[in-house]
Amino acid sequence: MPKTILATDLDGTFLGGSEAQRAALYAWIAQRRSEIVLIFVSGRGLDFMRQLARELPVQPDHVIGDVGTSVATGADFAPIPTLDRWLDAAWPSDASRQIDAIVGQHPTLQPQPHHGGRRRSYFYGRVEAAQVAASELQRLGFDTLMSDNQYFDVLPRGVRKGSTLLRTLAALGLPEHRTLVAGDTLNDLSMFQTGLTGVAVSNREAGLEQAIAPHGNVYRSAQPGAAGVLDALARFHQQGDFNGFISGHRLSQTAV
């Protein structure tokens, strides 16, 4: 059987659920490690994921960090030059100065203490004020992303988790039809919008639930976090390519 690629968010997803649920997912992957390509796709930075890889019983083969604005491969977290060139080209050299000039006019946006990649990240309080700032930043040529009712990211135009994942799969020669994506918040929406087979775990953000309503490629698991990932991963890996099956049944939790 061809390898299955699991491209998964971390917080609330791969790292979500109870200790027992996480242990079950990690053990399932470990038992089939030669059959699974594991990609972490997170808003977290590469330094966090390096530390996490040392602590988990299963390590990622590749990582996409900083909401899609950084990529690394292998145990040594080596760069992928073609992707680094694409990301650098999308992030102007004076991006921070331009963004600071706008954000400085919106005191309800507060910097997140740690972030890397080609992005700027904040916490937001008032939705209306954040939406005004987002419009101003978009007019400058940046993309913005609000998620989990608190996070506000300023990203290069056209760069999200989903777009970076597709480019990563292509660069590494990994098949899209064998890829399962998993997430729980709006910053995972772009992965589901790629058309790849996906699972939204039961603790998903209400905004994500609404946003994925039109997408027949997304399985709404009745299980939280790691249990929801395992719920879909075991089915996907056993069936092989069942994207058509998923799409045809709209993926209610009783459909498969």
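General remarks:
- Conditions (1) more than 19 Å from Asp9 (Cα to Cα); (2) touching a residue at least 12 places away in the same chain (Cβ under 8 Å); (3) under 19 Å from the mean Cα position of the chain (by Cα); (4) in a helix (DSSP H, G or I); number of the one not met by Tyr122: (4)
- Within the option set Thr73, Thr69, being of a type in the set (S, T, N, Q) and out of contact with any Ser or Thr (no Cβ under 8 Å at 6 or more places or on another chain) holds for one residue only, Thr73.
- Some residue of region 207-224 being without any contact (Cβ under 8 Å) to a residue 24 or more places away in the chain, in a helix (DSSP H, G or I) and either of a type outside the set (Gly, Ala, Ser) or touching a strand residue (DSSP E or B) at 6+ places or on another chain (Cβ under 9 Å) (or both): yes
- Test: Ala182 is farther than 29 Å from Asp84 by Cβ, open to solvent by less than 30 Å² (accessible area, probe 1.4 Å) and touching a residue at least 40 places away in the same chain (Cβ under 8 Å): no
- For region 1-18, taking the residues that are open to solvent by 10 Å² or more (accessible area, probe 1.4 Å) and of a type in the set (A, V, I, L, M), the one that is farthest from Asp47 (Cα to Cα) is identified as Met1.
- Single residue of region 189-234 satisfying the filter (more than 22 Å from Gln31 (Cα to Cα) and among the β-branched types (Val, Ile, Thr)) that is surrounded by the fewest Cβ atoms within 10 Å (Cβ to Cβ): Thr194
- Residues in region 121-161 that are crowded, with 22+ Cβ neighbours inside 10 Å and of a type in the set (Lys, Arg): Arg160, Lys161.
- Residues in region 43-82 that are of a type outside the set (Phe, Trp, Tyr), assigned to a helix (DSSP H, G or I) and under 19 Å from Arg120 (Cα atoms): 6 in all.
The values are calculated or read from the model by the stated rules, or taken from the named source; none is laboratory data. Nothing here was measured: the structure is a model prediction, and the numbers come from that model. Every residue, glycine as well, gets a Cβ built from its backbone with ideal geometry; the counts of neighbours run over all protein chains shown. When the accessible area is computed, the model is the full protein with side chains, heavy atoms only, and any ligands, DNA or RNA have been set aside. Shrake-Rupley method; radii C 1.70, N 1.55, O 1.52, S 1.80 Å.
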